[in-house]
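Participant: Input: one structure, supplied below.
Just so it is clear, none of the values below were taken in a lab; they were calculated from the coordinates. Because the structure is predicted, anything quoted here is derived from the model rather than measured. Here the Cβ positions follow ideal geometry from the backbone for every residue, glycine too, while neighbour counts run over all protein chains shown.
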Amino acid sequence: MRHCRVSGRTVSVAGGFVMLVSLVCGAGAQEIYRSVDAQGHVTYSDRGASKNAPKTSLQVNEGDAVEAARLAHEQQQLQAQDTLRTKQQASDDKAKAADDRKREQACKNAQTTYYRMMDARRVAQPQRDADGNRVFYSDDEADALRQQAKKAMDSACAN
């Protein structure tokens, strides 16, 4: 893309217009025609839109290679930062999804424990007596365990 100075403003020239601008711009200051369509788009040409179309002076200023290299390097750095940011976001999303799954599983486990205790008429202790028989909690102890299970479920399932 070349940039030409037209009446004190810099305009970008691209597409099929590059050949025309190369010819017009290559000779230094030249006269060209400037027209504006109904949508406000500005067009420059070597032919006027009408016989009385005013001419515009066009002066070409060659680009600075050092500035172009600096801008290309800056663009490359911005793209690298954007890629890094995208990868970090994907990593964060993956970690959040894993945490969400862990919380959901903890909630389901707490619900299972609570509902199993609520459905049971008697709550058995984890250990057995000397004869291998199950040992059960007293009603007060079982109620206390149910309350603890309810609090654990509420805590695990809170959003």
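Participant: Separation between the D129 and A97 pseudo-spin-labels, each 7 Å from Cα along Cα→Cβ, expressed in nm?
Facilitator: 5.3
Participant: Length gain on complete extension for the stretch C157 to Q79, per 0.36 nm per residue less the alpha carbon to alpha carbon distance?
Facilitator: 23.9 nm is the gain from fully extending C157 to Q79.
Participant: Let me ask another. Roughly how many whole Å is it from the C-alpha centroid of region 65-116 to that of region 128-143?
Facilitator: 49
Participant: A further question on this structure: Setting aside same-chain residues fewer than 8 positions from K150, which lysines have a Cα under 20 Å from its Cα?
Facilitator: By straight Cα distance, K150 reaches K102, K108.
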